[in-house]
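Asks: Got a structure here, written out as structure tokens. Questions coming.
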2 protein chains.
Amino acid sequence: MAQSYFDTHRETLEKAIQATRTREYWSPFPEAPSGKIYGEDAPAQGEAAFKAHLNGSFSLEMPGIEGEIGDERSPYGFNLGVRYPKVNIDKLLPAMEAALPTWRDAGPEVRAGVCVEILHRLNRRSFELAHAVMHTTGQAFAMAFQAGGTHAQDRGLEAVAYAYEAMTRTPAQVRWTKPQGKRDPLEMDKTFHVIPRGLALMIGVSTFPTWNGYPGMFASLATGNPVVVKPHPHTILPLAISVAVCQEVLKDAGFDPCLVSMVVDTREAPITKDLALRPEIRVIDYTGSTPFGDWLEQNCHQAQVYTEKAGVNSIVIDSTDNLKAMSQNLAFSLSLYSGQMCTAPQDIFIPRDGIQTDQGHLSFDQVAEALAEGVRKFLSDNDRATAVLGAIQSEDTVQRIERARALGKVVLDSEQREHPQFPDARVHTPLILSVDAADALLYQEELFGPIAVLVATDSTEDSIRRATALARSKGAITWSVYSTDESVLQRMENAALEGGVSLSMNLLGGVFVNQTAAYSDYHATGANPAANACLCDAAFVSNRFRVVQSRRHAA
Amino acid sequence: MAQSYFDTHRETLEKAIQATRTREYWSPFPEAPSGKIYGEDAPAQGEAAFKAHLNGSFSLEMPGIEGEIGDERSPYGFNLGVRYPKVNIDKLLPAMEAALPTWRDAGPEVRAGVCVEILHRLNRRSFELAHAVMHTTGQAFAMAFQAGGTHAQDRGLEAVAYAYEAMTRTPAQVRWTKPQGKRDPLEMDKTFHVIPRGLALMIGVSTFPTWNGYPGMFASLATGNPVVVKPHPHTILPLAISVAVCQEVLKDAGFDPCLVSMVVDTREAPITKDLALRPEIRVIDYTGSTPFGDWLEQNCHQAQVYTEKAGVNSIVIDSTDNLKAMSQNLAFSLSLYSGQMCTAPQDIFIPRDGIQTDQGHLSFDQVAEALAEGVRKFLSDNDRATAVLGAIQSEDTVQRIERARALGKVVLDSEQREHPQFPDARVHTPLILSVDAADALLYQEELFGPIAVLVATDSTEDSIRRATALARSKGAITWSVYSTDESVLQRMENAALEGGVSLSMNLLGGVFVNQTAAYSDYHATGANPAANACLCDAAFVSNRFRVVQSRRHAA
């Protein structure tokens, strides 16, 4: 069974590897939440499966279960009531270590096959996962289906592809023959074994539990490391379903299901630091706040630590030949999931003296008004607005909007909206502030959520300089630039190399700065303080395993 | 010129990449120190070039030179008297950062071409390098030519090959086309830039400055990171020559020579910690003692840190069908460079009740005597002995031999020898002790130098168990096993996976446990405390650079 998964999915895996090399568009997981693709019953079955979890006990196979835990509440305004196994890590970790050798010795092909089978089964549960992601993160349903479902599956497959390619770069065996002049050559038979580092820990984030979580989970599992999944206490269900699917496939393939296990804690009694410092944990993947990411990097010396932390993303507006399309594009980027994305733009640098556009020269205030009007129009239809905004994941973010109002001139105020299906949902439209670069430090801090800051600068050169300094000091995951001048685009691209930030230029159509495509776009660079790693590249997988060789004289 | 180096060396580079994939024997650098290969005048010219350095000023091109420094003494008993530039790092590092963008923007092909040209010029100076290595490390001449010259060049080329392959995995450009059902597809043009992390620091070791130093140096340089070479204060000249060759080729190719620079300090006023903590330093390669390696790993959070530290290497003797050949093989391994190798065996585990051999069952003491007699015979000819032993690099090692005598039963005492050419050379033969595993902790500590410990154990199972525990707690780079029983070999191989150690089985001929071959054997695994990295693999290169992308709508 284990080998047959590899045979079944070999072609998918090879196509994924090829896509990561060509960086062309490809995906085996259709992103449309459509019954035509997934089966006419799939949407209703997915919703029913989600509802069946509510107010029940979620079952996982792990040694050391001692009671239940969990108190998630949907950002749409109701308690999930799901109770998860509470596990004693002093019993769990040794059991996972005991399961390691069998998983290690199964080899790269078998492990990759199991991982891709897991991803395919997750794909078939995309509607259920979408509801689970929606009602923990606050994402709107369509986004939850894509970012939480199919795109996350893509990111997981991408990691398996890199891992498989990296592990199989070294042959399992070789006959080595070294000439010795007139004497007989030296001949050695060498065997190369891929071994995992140990146990891996994936620390989930509250907003994108699967999209940010799968790359590390699958990179670790494919390279032989049993994985402890530690979800954010407010966003457990999507990862619980994912772990259950992992366990199901592992069992079907004849492996110990506890090779992927889940440890749940609460905000009041967090366990992550204890887990992260355990000597058994040799790989850590983390997405979340900068202070905790820094702590992991600086304290968990026993582990390889991969972090995606916070940054301040910038847009530089120099000029445009399509003000309307630019405003529309930015309106979507600022509204999508209420800016609760590590890729959402925050600072928009605009020259104090205004810019050239297809509508003539516009002053700073006119540009500001055009952007505000773009958002206003885009969100004028409440049904469309809520289907893009989703709900605010954390009450902290709501309070951040309140506080931010006082920090600059309000160009567009944030307003509370009523969700058509969920009257208690926390729905808030973006707040747009303006400040002058010369007298404001506001723009230099991350303001997570639907808060954008228009920064008046001396010139486009000044804008680029400030964005670069900010990326180098605070980190950034995305940059965007608007200019009709190719030399400005070139200078911005040079600055992107200095700041180590991905750059989008003149986005007007259906591509947005806060979205990246697996296999083609890199998410984060690992080259500035926002992240020490990138999803996904060879560096993300190649140090999760080591190679041990043996050699003997040829027979 | 810069591009032509790539064209000249493209085939060499491709062959090197291929060799790292097949792991078959290959080398472009002939290892025989022969005038027939390198030119009849090469040996004499190399010696003359070495002598021309003595008692002179070594010239390098670096901003911030403020005086001279250096007081190396040959382990063969004379002062080198070479004075090196003393450089102000507050002036040097900014100059290196200023040189970075041009080197970065030259791209992977140009950088790889320059690196391979450097290695080829180093190869032509192998005799000069051999004398420089000999008279700083104490290696005998033939070994210095190989380990310090051609094999080091191999390890450098191997690193360039991995780096080039890793950097070119991502295309420079791609047109990305995503279907949108009945609508027009989304089309984006994407550009991918390889960028270095920043400045790299290579901290040299006193015993193998080039062999252990080149991999990090060339991996960093090829991936675009300017390199600060910080030699051990007792072993400067081989790296100084190497840096000079780097600078010569960089200049010829039109780059700033300070892209590879050297910072020399003294044992009394060390500068390595200051350098290693500088924010400009983003990559560190280190070979040396465990405490300093641990310090680097735990404190230099701004940098990627690759360390090769100390370990305790084990041999398990279970049985043999060729006692004589085994003893000869081990005699060479224990004698080579007086055991001053991180790959030299230290602990030899033998069952207390003795072993089966082709000469019948032998008691523990009889095996010990056979091993001692092997060393005695091998070193009976003083010329051959000194040509293998070389000289003791550090006075600390001489004192360690003295102290060790009291720690166990002396099976073979270390004796001082007179070198035929250098009467003041520190030449010492191996000390072999025996201890019982039950009442001795001696074997659990690294005893660097010509000191071997025969450890009497309950059984081969006990031997394997102790070796494994030792590898996991103290680290190990090499293991060796002798057994006529295939199931014992299999159990030792399983243990090697647990300990994360490279294993050699039943070595009898011209392959020795302390030698590894570039392109085929991995040096260290990175899977136990002896090293956090391996020479060389994809993990060693792939995190020295990052990829920054830009994208725009297709024209």
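Asks: For residue B:175, put the label point 7 Å out on the Cα→Cβ axis and report which residues of the range A:1-32 keep their amide N under 17 Å from it.
Replies: A:22-26
Asks: Relative to the longest principal Cα axis of chain A, at what angle does helix A:89-124 sit, 0 to 90 degrees, rounded to 10?
Replies: Long axis of A:89-124 versus the principal axis of chain A: about 70 degrees.
Asks: Which shape class applies to the range B:314-505: rounded if a/c is under 1.5, otherwise prolate when a/b exceeds b/c and oblate if not, where a ≥ b ≥ c are the square roots of the Cα gyration tensor eigenvalues?
Replies: It is prolate, given that a/c is not under 1.5 and a/b is the larger ratio.
Asks: Straight-line reach from residue B:409: which lysines fall under 25 Å, measuring Cα to Cα and dropping same-chain residues less than 8 apart?
Replies: Straight-distance partners of residue B:409: B:324, B:377, B:474.
Asks: With a cut-off of 8 Å between alpha carbons and a minimum separation of six or more residues, what is the relative contact order of the range B:254-360 in percent?
Replies: Relative contact order for the range B:254-360 comes out at 23 percent.
Asks: Further question on the same structure: Taking beta carbons within 10 Å but only from partner chains, what does the mean come to for residues B:488-495?
Replies: Mean partner shielding for this stretch: 1.
Asks: Calculate the length of the line joining the C-alpha centroid of the range B:160-174 to that of the range A:221-285, in whole Å.
Replies: Each part's Cα centre sits 34 Å from the other's.
Asks: Looking only at the range A:53-90, which residues have a backbone nitrogen under 14 Å from a spot 7 Å from the Cα of residue A:396 in the C-beta direction?
Replies: none
Asks: Which of the lysines could a cross-linker span from residue B:86 if the Cα-Cα distance has to be under 23 Å and same-chain partners fewer than 8 positions apart are dropped?
Replies: The qualifying lysines are B:51, B:230, B:251, B:273.
Asks: Here is a further query. Would you please classify the overall shape of the range B:367-413 from the alpha carbon gyration tensor, given that a ≥ b ≥ c denote the square roots of the eigenvalues, rounded means a/c under 1.5, and beyond that prolate means a/b larger than b/c while oblate covers the rest?
Replies: Note, shape of the range B:367-413 comes out oblate.
Asks: For residue B:285, list long-range residues whose amide hydrogen, built 1.01 Å from N in the peptide plane, is under 5 Å from its own amide hydrogen.
Replies: B:201, B:202, B:203, B:306
Asks: Next up: To test your reading of the geometry: what angle, between 0 and 90 degrees and rounded to tens, separates the Cα axis of helix B:42-53 from the longest principal axis of chain B?
Replies: Tilt of helix B:42-53: around 80 degrees.
Asks: Please list, by residue number, everything in the range B:65-85 whose backbone N is under 19 Å from a paramagnetic label point 7 Å out along Cα→Cβ of residue B:269.
Replies: Backbone N within reach: B:65-73, B:81-85.
Asks: Work the Kirkwood hydrodynamic radius out for the range B:249-399: mean of 1/r over every pair of different alpha-carbon atoms, inverted, in Å.
Replies: Here the Kirkwood hydrodynamic radius works out to 19.5 Å.
Asks: Could you check the spin-label model distance between residue B:441 and residue B:410? Points 7 Å from the Cα along Cα→Cβ, value in nm.
Replies: About 2.5 nm separates the two model spin labels.
Asks: Above 44 Å lies some portion of the pair distances; for chain B, what is it as a whole percent of all C-alpha pairs?
Replies: Distances greater than 44 Å cover 19 percent of the Cα pairs.
Asks: When the helix-only estimate is applied to the protein assembly as shown (DSSP H runs of n ≥ 4, each -39,500 (n - 2.57), divided by the residue count), what is the mean residue ellipticity at 222 nm, nearest 500 deg cm²/dmol?
Replies: Numbers: 36 runs with 456 residues, N = 1110.
Helix contribution divided over all residues of the protein assembly as shown: -13000 deg cm²/dmol.
Asks: Using alpha-carbon positions, what is the distance between the centroids of the range A:441-495 and the range A:358-398, in Å?
Replies: Taking the Cα centre of each part, the range A:441-495 and the range A:358-398 sit 19 Å apart.
Asks: Not counting the cut sites, what is the longest span of chain B without trypsin sites (Lys or Arg not before Pro) that DSSP labels loop and that have at most 14 other Cβ atoms within 10 Å?
Replies: The reported range is B:268-555.
Asks: Please list the three semi-axes, largest first and in whole Å, of the ellipsoid equivalent to the protein assembly as shown, using sqrt of 5 times the eigenvalues of its alpha carbon gyration tensor.
Replies: So the three semi-axes of the protein assembly as shown are 55, 36, 23 Å.
Asks: Got the residue B:8 label distances to the other copies yet, label 7 Å along Cα→Cβ, in nm, shortest first?
Replies: Residue B:8 label point versus its equivalents elsewhere: 5.6 nm.
Asks: What is the average number of partner chain Cβ atoms found within 10 Å of a Cβ in B:535-547?
Replies: Mean partner shielding for this stretch: 6.
Asks: Another question, then. Only counting other Cβ atoms within 10 Å, I'd like B:333, A:220, A:74, A:319 sorted with the fewest neighbours first.
Replies: Arranged by neighbour count, lowest to highest, B:333, A:220, A:74, A:319 become A:319, A:74, B:333, A:220.
Asks: Taking the Cα centre of chain B as origin, sum charge times position over the Cβ atoms of Lys and Arg (+1) and Asp and Glu (-1), and report the length of that vector in debye to the nearest 20.
Replies: The calculated dipole for chain B is roughly 1880 debye.
Asks: Could you list B:176, A:26 in order of exposure, starting from the residue whose Cβ has the fewest other Cβ atoms within 10 Å?
Replies: So the residues, fewest neighbours to most, are A:26, B:176.
A short reminder: the numbers here are calculations on the coordinates, not readings from a lab. The structure presented is a predicted model; accordingly, all values stated were derived computationally and were not measured. Glycine gets a Cβ as well: all are built from the backbone with ideal geometry, and neighbour counts include every protein chain shown.
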